[in-house]
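These notes concern the structure reproduced below.
The values are calculated or read from the model by the stated rules, or taken from the named source; none is laboratory data. As the structure is a prediction and not an experimental result, all values here were calculated from the model. Every residue, glycine among them, receives a Cβ derived from its backbone with ideal geometry; neighbour counts consider all protein chains shown.
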Amino acid sequence: MTINDLPTPFYVVYEDRIRRNLDLINRVRKQAGVNIIMAFKANALWRTFHILRDYGFDSTASSLNEMQLGNEELGGEVHSYCPAYTPDTIHKYLAGSSHITFNSLSQWEKFRDDVEKWNTTGVNHRVSPGLRVNPQCSVIETDIYNPALPGSRFGVTADMIGDKLPEGIEGLHFHQLCESSSYDLEKVLEAFEQQFGKYLPQVRWVNMGGGHLMTREGYDVDHLIDLLKGFKSRHPHLEVILEPGSAFMWRTGDLITSVVDVVCNQGVRTAIIDASFACHMPDTLEMPYQPLITESVEPSEGRAVYRLGGNSCLSGDYKGDWSFDHELQPGERLTLEDMNHYTTVKTTMFNGISHPDIVFVRADGTPEYLRRFTYEDYKNRMS
């Protein structure tokens, strides 16, 4: 059996591509002397976590569910950050985390006693508390993914802290990037050290957040390593942590879909597929961006041009245009590339549309189903 024998739609994830990325991330981790941890918000396919365990990667969680998944299926340390903890959740976070970052001074003041009590009552592990800070350095063009916009709800500014960090804070955490370059990090790091450098002797660790797309083709990996080594040389007592999301699973999987129908309206041809941008690829509409299609070709005079329309009733469930060297026909398969990170974690069941199946291709080329979704998944979610 090959993936060409499987019914569409389905996500396909390749072991050899994952290992390619992990090899590069592991090189950065070792050569720079930093800890690089995986963010569940970009990837939660826990049945592939055995690959990550081979490399000993820790994780970062932004919810109790992610934290529990890390403890149950990945192991290692779990670094937690949530914009707002509650009296009902704080002790669960403390029980399952190695590090916990607070988003505001008021959150730290509210739960400081809980953290101190946890760390002094003889439990089997202590939790290192940190504070999220905002260097107010914006390098992201898409507002929905920009945590440094004026009025941001994320992190505290240096003027809010004053001359000294609150007693008990052991780390600082900033997150300003999104699929960004090492040169973007360099700009943010300069702003961070200018504004928060005076606090660094008071802490044990600095978390530089996510958005470090080091596995993208053309990313200057050596510049990143030198940048991190330079920071560590200036602050040798600090543990440095990065928590990229996309980089771990960048270009490790695709979404295979089929053309179901072709409609034409006012000269616009739309190929209706058996998948949905809104339900199965929401980032294409939120970012927005247009995914690559393996079977498409460069536009030129005379070539067939199509939009792709999703199979939901949302009017905006389409993307385009793409060119093809032939007229598309119902039954043709299309490969929408790079649909592993920020896809399965963000899918919805709007219209009751089922999730695509999830297929894993082992390094030897053998495919296997990780999950096949049914009506019961939809019904149980709605009950």
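Within segment 90-126, the residues that satisfy the criterion of being over 24 Å from the mean Cα position of the chain (by Cα) and among the charged types (D, E, K, R) are 109, 110, 112, 113, 114, 116, 117, 126. Looking across segment 12-61, the residues that are closer than 23 Å to residue 358 by Cα, out of contact with any helix residue (DSSP H, G or I) (no Cβ under 8 Å at 6 or more places or on another chain) and either among the hydroxyl-bearing types (Ser, Thr, Tyr) or part of a helix (DSSP H, G or I) (or both) come down to 14, 16, 17, 20, 47, 50. So residue 81 ticks every box in (1) aromatic (Phe, Trp, Tyr); (2) farther than 24 Å from residue 115 by Cβ; (3) in contact (Cβ under 8 Å) with a residue 60 or more places away in the chain but one. Which box is left unticked? If we test residue 81 against (1) aromatic (Phe, Trp, Tyr); (2) farther than 24 Å from residue 115 by Cβ; (3) in contact (Cβ under 8 Å) with a residue 60 or more places away in the chain, just (2) comes out false. Among the numbered conditions (1) at pLDDT below 95; (2) surrounded by fewer than 21 Cβ atoms within 10 Å (Cβ to Cβ), the only one that residue 221 does not meet is (1). Residues in segment 350-371 that are surrounded by 15 or more Cβ atoms within 10 Å (Cβ to Cβ), assigned to a loop (DSSP other than H, G, I, E, B) and not small (Gly, Ala, Ser): 353, 355, 356. Screening 294, 252, 270 for residues that are in contact with a strand residue (DSSP E or B) (Cβ under 7 Å, 6 or more places away or on another chain), at pLDDT 95 or above and surrounded by fewer than 16 Cβ atoms within 10 Å (Cβ to Cβ) leaves exactly one candidate, 294. Residue pairs whose Cβ atoms lie under 6 Å apart, separated by 6 or more positions or on different chains, with the first residue in segment 371-382 and free of Cβ contacts under 8 Å to residues at least 60 places away in the same chain and the second part of a helix (DSSP H, G or I) and exposed (fewer than 14 other Cβ atoms within 10 Å of the Cβ), are 378/352.
Entry remark, segment 99-126: residues being touching a strand residue (DSSP E or B) at 6+ places or on another chain (Cβ under 6 Å) and either of a type in the set (Val, Ile, Thr) or under 21 Å from residue 35 (Cβ atoms) (or both) number 5 in total. Highlighted here are the strands (runs of 3 or more DSSP E) found entirely within segment 212-310 that include at least 1 residues which are under 24 Å from residue 48 (Cα atoms): 239-242, 253-265.
Restricting the search to helices (runs of 4 or more DSSP H) fully inside segment 78-191 and requiring at least 1 residues that are surrounded by 20 or more Cβ atoms within 10 Å (Cβ to Cβ) and out of contact with any Leu (no Cβ under 6 Å at 6 or more places or on another chain) gives 90-96, 105-120.
Considering the conditions (1) at pLDDT 95 or above; (2) in contact with a strand residue (DSSP E or B) (Cβ under 7 Å, 6 or more places away or on another chain); (3) not acidic (Asp, Glu), residue 139 is excluded by exactly one of them, (1). For the subset of segment 62-77 comprising residues that are outside any helix (DSSP H, G or I) and more than 17 Å from the chain's Cα centre (by Cα), which member is surrounded by the fewest Cβ atoms within 10 Å (Cβ to Cβ)? Out of the qualifying residues, it is 75. A single entry from 96, 70, 56 fulfils the requirement of being in the same structural domain as residue 130 (by TED's automatic domain parsing), within 30 Å of residue 254 (Cβ to Cβ) and in contact with a strand residue (DSSP E or B) (Cβ under 8 Å, 6 or more places away or on another chain): 70. Total residues in segment 148-178 satisfying the condition of being of a type outside the set (A, V, I, L, M, F, W, C) and in contact with a strand residue (DSSP E or B) (Cβ under 9 Å, 6 or more places away or on another chain): the figure is 8.
Tell me yes or no: at least one residue of segment 319-334 is assigned to a loop (DSSP other than H, G, I, E, B), touching a helix residue (DSSP H, G or I) at 6+ places or on another chain (Cβ under 8 Å) and among the aliphatic types (A, V, I, L, M). No, there is no match, as no residue in segment 319-334 is assigned to a loop (DSSP other than H, G, I, E, B), touching a helix residue (DSSP H, G or I) at 6+ places or on another chain (Cβ under 8 Å) and among the aliphatic types (A, V, I, L, M).
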